[in-house]
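Taking it in order: structure first as structure tokens, then the write-up.
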Amino acid sequence: MIETEKNGKSIAMSSEVCSKLDELYGTYRNKLKPLIFVVENNIGKFPVQVLIEIRSYQDHIANCFLAEKNEMDCLKELNKANGHLQRAIADCYKTLMQIYYPDEIAKFYKDYLHVDLGVVNDGLFRPELKRLENIAKEKSNLAKKNEFNANGEISCTDFEDAVLAYRNVIIHINDHSRGLENAAKHAKRSIWRDWKFALVSGIIGAILSTGTLLIIQNWDAIIKLFS
């Protein structure tokens with residue numbers, strides 16, 4: 001038993017209650033806080049739903065320090081606090097799984113819309129990218145399906161697996177940044193070459209349609225202009 005103050009009265013808290021408190025604050029420090037940092041750093045704002053869960057989590061812990069609460073009451077309050085803590089963790093994972101990583105992947109495809117990804121890493125980049133994407137989507141769907149366990153409690157394990165799977169997609173993209181950059185340069189050169197070809201073809205068409213074939217004498221100058 002551990003002596004503590006409740007409303008000015010010295011009341012003994014059982015070792016079980018103290019152990020549960022240590023566990024809750026350990027999860028908060030070691031799991032939730034790092035996740036909040038990741039979400040804030042990538043999304044740029046603190047998730048409101050997480051803040052609501054943290055407030056409820058703290059309220060239930062505070063209720064344990066009311067004088068009229070006995071050990072059983074405290075344990076019930078701490079179990080409720082743990083439920084809010086787990087939901088806060090799950091909300092962080094959901095934000096990353098449903099918003100941040102899908103947006104990052106969509107942005108990648110938009111940036112490389114006109115780039116042939118099939119040439120990156122000798123053709124190995126795109127198949128592996130698709131494989132990792134499919135794994136991430138499958139794990140995401142599984143997490144949504146298994147959000148609550150048999151007891152109706154939220155489960156974070158599948159959400160964490162899904163986030164890690166999406167993270168692997170981003171890592172794969174970043175690991176091939178040099179190859180992607182080269183492919184993008186090649187695509188730009190190809191677009192410029194096609195544009196020059198179309199322009200020269202247009203000039204030829206204009207020359208032929210006007211009948212001024214004598215301009216062919218200046219053909220070398222035209223070629224130099226677009227070479």
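Laboratory data are not the source of any read-out in this text; all were calculated from the coordinates shown. Treat the numbers as computed from the prediction; the structure is a model and nothing was measured. Here Cβ is always computed from backbone atoms with ideal geometry, including for glycine, and neighbour counts include all displayed protein chains.
Restricting attention to region 16-105, lysine pairs at least eight places apart or on different chains and with alpha-carbon atoms under 18 angstrom apart total 10. In this structure the amide hydrogen of M13, modeled in the peptide plane, comes within under 5 Å of the amide hydrogens of I2, E3, T4, none closer than 5 places in sequence on its chain.
Converting phi to 3J(HN,Hα) with the Karplus coefficients 6.51, -1.76 and 1.60 and the offset θ = phi - 60°, region 123-136 yields x, 8, 5, 5, x, 5, 4, 5, 5, 5, 4, 5, 4, 4 Hz in sequence order, with x at every glycine or proline.
Amide H to amide H, with H built 1.01 Å from N, L66 comes under 5 Å of no residue 5 or more places away or on another chain. Charge dipole of region 2-175 (Cα centre as origin; +1 on each Lys and Arg Cβ, -1 on each Asp and Glu Cβ, all else neutral): 320 debye, rounded to the nearest 20. Descending by average beta-carbon neighbour count within 10 Å, the peptides 171-180, 90-99, 157-166 line up as 90-99, 157-166, 171-180, the highest first. Listed by chain and number, the aspartates and glutamates whose C-alpha is less than 14 Å from the C-alpha of K139, apart from same-chain residues fewer than 8 away, are E147, D158, E160, D161. The phi-based Karplus calculation (6.51 cos²θ - 1.76 cosθ + 1.60; θ = phi - 60°) puts the 3J(HN,Hα) values of region 18-28 at 5, 5, 5, 4, 4, 5, 5, 5, x, 5, 4 Hz, whole numbers, x for Gly and Pro.
In the neighborhood of L132, defined by Cβ-to-Cβ distances under 12 Å, what is the net charge if each Lys or Arg adds +1 and each Asp or Glu adds -1? Local net charge: +2. Taking the average, over residues, of other Cβ atoms within 10 Å as the packing measure, peptides 107-117, 133-143 rank 133-143, 107-117 from highest down.
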